[in-house]
Amino acid sequence: MLKITIRHNHAQSLKVRKRYIDKVLIANRGEIACRVMRTAKKLGVRTVAVYSDVDEHAMHVEMADEAYHIGPAPSTQSYLNAEKILDVAKRSGSQAIHPGYGFLSENVEFCERCQNEGIIFIGPPATAIRDMALQKLLCQKLVFQLSKATMVKTKVYRSFRQKHKKIGFPLMIKAVRGGGGKGMRIAMTESEFLPQLESAKRESLKAFGDDNMLLEQYITDPRHVEVQVFGDMHGNAVYLYERDCSVQRRHQKIIEEAPAPGLSEATRKALGEAAVRAARAVGYVGAGTVEFILHRQTHDFHFMEMNTRLQTPEVEDEGHYYQIARDVLRDLENSDEGENAQSDEVDADSPLVIDNDENMPNPPILEAEEAAPQNLKKQIVEQSNLYAAQKQISNPEIINENILNKFLGILIYTSVIKFPNTRAYWSEKFGYDHIKNTMPLKKFEKIRSTLHFADDTLCLPKDHPDYDRLFKIRPLEETLNCQFGKVPLDQRLSIDEQMCATKMSHYIKQYMPNKPHKWGFKLYLICSLQGYAHRFEVYSGGGSKNNILSGEPDLGESGNTVVRLARMVPRNVNHIIYFDNFYTSVPLVTYLAKEGIFSLGTVRVNRLRNCKLPEKNTIMKKNVPRGFYEENVATVDDIDVSAVVWKDNKPVNLLSTYVGAEPATTVTRFDKSKKERVAIPCPKVIKEYNAHMGGVDLLDSFIGRYHITMKSRKWTMRLFYHFLDLAVINSWVMFKKVNNIKGNDQLLNLGTFRLELAETLCKLGLPANGAKRGRPSGSTIQRELVMKKFRGPAQAIPLKDVRLDQTCHWAVWLDKQQRCKFPKYTDLVEWQLRVASGEPLPLTQDQIIRRGHAVECRIYAEEPGAGFLPRAGTLHRLKQPTLENNVRVETGVREGDEVSVHYDPMIAKLVVWGRNREEALAKTRAKLLQYQIYMWRRLERKTHILELTIHYTLWKILTWCSLESETRVYDLTQTNILTNRLK
């Protein structure tokens, strides 16, 4: 609880009355609510959350000490409902309300209601909020004293129909209480004014509960620069320097830089002093943002607006941009050059560190980690533990990634070392020592019984139209396909079916008489010539019409399978796909040709309508010699298609869009009458097909040599074993390919590769000298005691809430004692709470020193193919970047949460600090590439991958920023970066 005594400001002789805050209500949602709660808990202040129908299980609700429902999903009925929020504040006994940003943060009436009810409004007073909009001209006059720019004419009207002509076009229409690009429109001509005005008013009324609008002249090709200011009740105000917010989409900032690049120190100082004068003019209290429009060439700036924003790149442990101290602080750059310099290049999540020489072959574990990534193991662990807890609440079998690695290692061991049954591997007399020493039999069997890949409670009933027969393994299939598809495609690919043999009874089991194992689960694969499976799908029956995308034809079950697998193949780069007569048809090959993909396959005669090729009875007559061939070429939908028939021991029919019969060569066949091998003609298309169709068959032969034969009654486990075999084969194929490129001759065969991989998985997480059971030896304890003496005295341990808040914190060092002199004043949210309680600002302007460079990227749920419009749906997969020094992620959602259409679709804020601009941009690009965001919508039966948005827009814009000394306002809706990339 904060207890503030009466203080006097000698400069202004103001008396601040005593205030108490031991419980605060956060009238907001998402990342800002979570951020305020973390700081409040650190101060010992209890938190109260409010939530709508769609936010019942949101992150901020679970973080709060208390939570209250306030209405339906629309914000006008929930987060903008002042009556309900005030009622919750009274019922919960909250002394203060923190509005965050947006919603009620700039609502004058709500602020006045709080003051009348005796509740502290953590923010500026009502008079300041009103003055920020209605006294804007006053602020501009103050700014004008520090700027040589011509003033931007700005007016506030309630009716615009006759007065917009006084300002001139182009015209900017903005909501008085707007923010985040909402309620903002541009009218280039007079004919566009009224439609844009009505649109802006509707959006503002929906988002902020107010349709009062503001007009100002629109400046083309500007820079958008903002200054964070902070004021207290004692008349003090400081600025925390400027940031560039010019990279925007639909007037909504997506990338911010601090400090703004390319500005002189005089301009920076002028911007800061102008912002402070504007804040003092309206009597501002708390954290605020003053926004300016800056000319790119002259750096003259114009006041744009002031709002109640708490931005992200701020003080040391928040944005790691400002260094706060009274004296000159110790420069940390020298300490970063040494042992920490190499830490940025090492993956903190890597389970094994291997010193690998360029001339030596890559270890098997490196290739295996590429085929089966860490996030897949994490997902399996989470779902398995969930199922174990549901199955046996009293004593669930809980596993972690190390245990899962050992389990996988044992499975791979069993694929090479064959025993008659599973328990024989643990036999005291004849068992396999590597398996026995890795895990007890009982634990292995428990893990097998609880291994899960999806939450069964989310599965739809069987009579539901969207029921997925493969729901239990769908996450596993999608993750592996995503990982397999990252390998660049060869020019020639083959598509064929594969059998996952099983004797169990299941309704999706198939019968294929031409396969060595005739019963099992059928898979369709697209493979390279070396046997690498780029993509696969399990056949579950039920037709494929629901999986047809817009623009794709319905070619039947077999043809649609080829179309789905070929989606990953780039167009118009001379890729060739081979398949057999189960798939081949004239509509299929013509469709692929139109898409820029060549194809070749054997074909059934009944699929060649009106074809003039000789019939089977004619070809098989004795007077027709072996080696006879005939070719017909036809044009179908402007595509030349070649049909060839060739007589071998039986007729062979082929269909192609890129090769024909000529030039023919010869092959040798055994002639029974002459009892010797003779040469017969062979068309070119036959040679081409035989040379490149065997990719899937080669993969089958690899699996046939070594595969997991362990029996299970669960169909999911049988498919899991098969998927594991596919991942190991892909790892081995890439292992050979990479080392062949390096020129290494020391390659492992498949059996040795599996044994090496299994041994590494079983030993991950163990000490270098191996695991030891029982009580540690005395020598180990003695060695640890000696090491403890060399480490010196123990450091102070932070509070538990600080250690577990998932936020990186950095100390502020002093010259003398190297301790933080202001431990309580490095968090702007804490500043807000203390200032609202009556404390003065802890620092003066000369105590705030700018240091380094910070970049903030905002990650949104948007549709890349629809002009980056907001995207609603479930976050099926959300992997945030790895947290490390000078990297922070602010988020209010988790994996599995719903992105609602009623609120801002922002997923997270990524904040990165560097010693200079180049380092900050490089770190930001690296962290953006670690994002994995998949959104699932059941009605469409497909997963939307949002990481394309991050990789090819934010990453590309950051590349632009690194090449320019200054940034300009980029309207990303007008760029074709992602569109061209997808094409």
Flagged as over-length at 26 Å C-alpha distance, from K486/K714; K41/K927; K418/K518, the pairs are K486/K714; K41/K927
Residue separation between V678 and L929 times 0.36 nm, minus their alpha-carbon distance, gives in nm 84.4 nm
Given Cβ charges of +1 for Lys and Arg and -1 for Asp and Glu, the option among L613, F579, S673 whose Cα lies farthest towards the positive end of the dipole of the range 487-705 is S673
Flagged as over-length at 23 Å C-alpha distance, from K182/K909; K472/K509; K742/K923, the pairs are K742/K923
Contact order relative to length for the range 529-631, counting C-alpha pairs under 8 Å separated by 6 or more residues, stands in percent at 19
One quarter of the C-alpha convex hull surface, i.e. the mean projected area of the range 23-122 in nm², amounts to 5.3
Judged on accessible area alone, 1.4 Å probe, highest first, K515, K711 line up as K711, K515
The range 434-527 accessible area per residue, 1.4 Å probe, protein heavy atoms, integer Å², reads 47
Expected sort for 251-258, 563-570 on mean C-beta neighbours within 10 Å, highest first, is 251-258, 563-570
Expressed in angstrom and rounded, the centroid-to-centroid distance over alpha carbons for the range 853-907 and the range 490-543 is 36
Between R604 and R469, Cβ-based FRET efficiency (R0 25 Å, step 0.05) works out to 0.30
Output ordering of 494-500, 101-107 (per-residue mean of other Cβ within 10 Å, highest first) is 101-107, 494-500
Between H517 and A73, Cβ-based FRET efficiency (R0 51 Å, step 0.05) works out to 0.45
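The values are calculated or read from the model by the stated rules, or taken from the named source; none is laboratory data. Please read all numbers here as calculations on a predicted model, not as lab measurements. Glycine gets a Cβ as well: all are built from the backbone with ideal geometry, and neighbour counts include every protein chain shown. Keep in mind that these areas ignore ligands, DNA and RNA; they rest on the heavy atoms of the full protein, side chains included. Shrake-Rupley method; radii C 1.70, N 1.55, O 1.52, S 1.80 Å.
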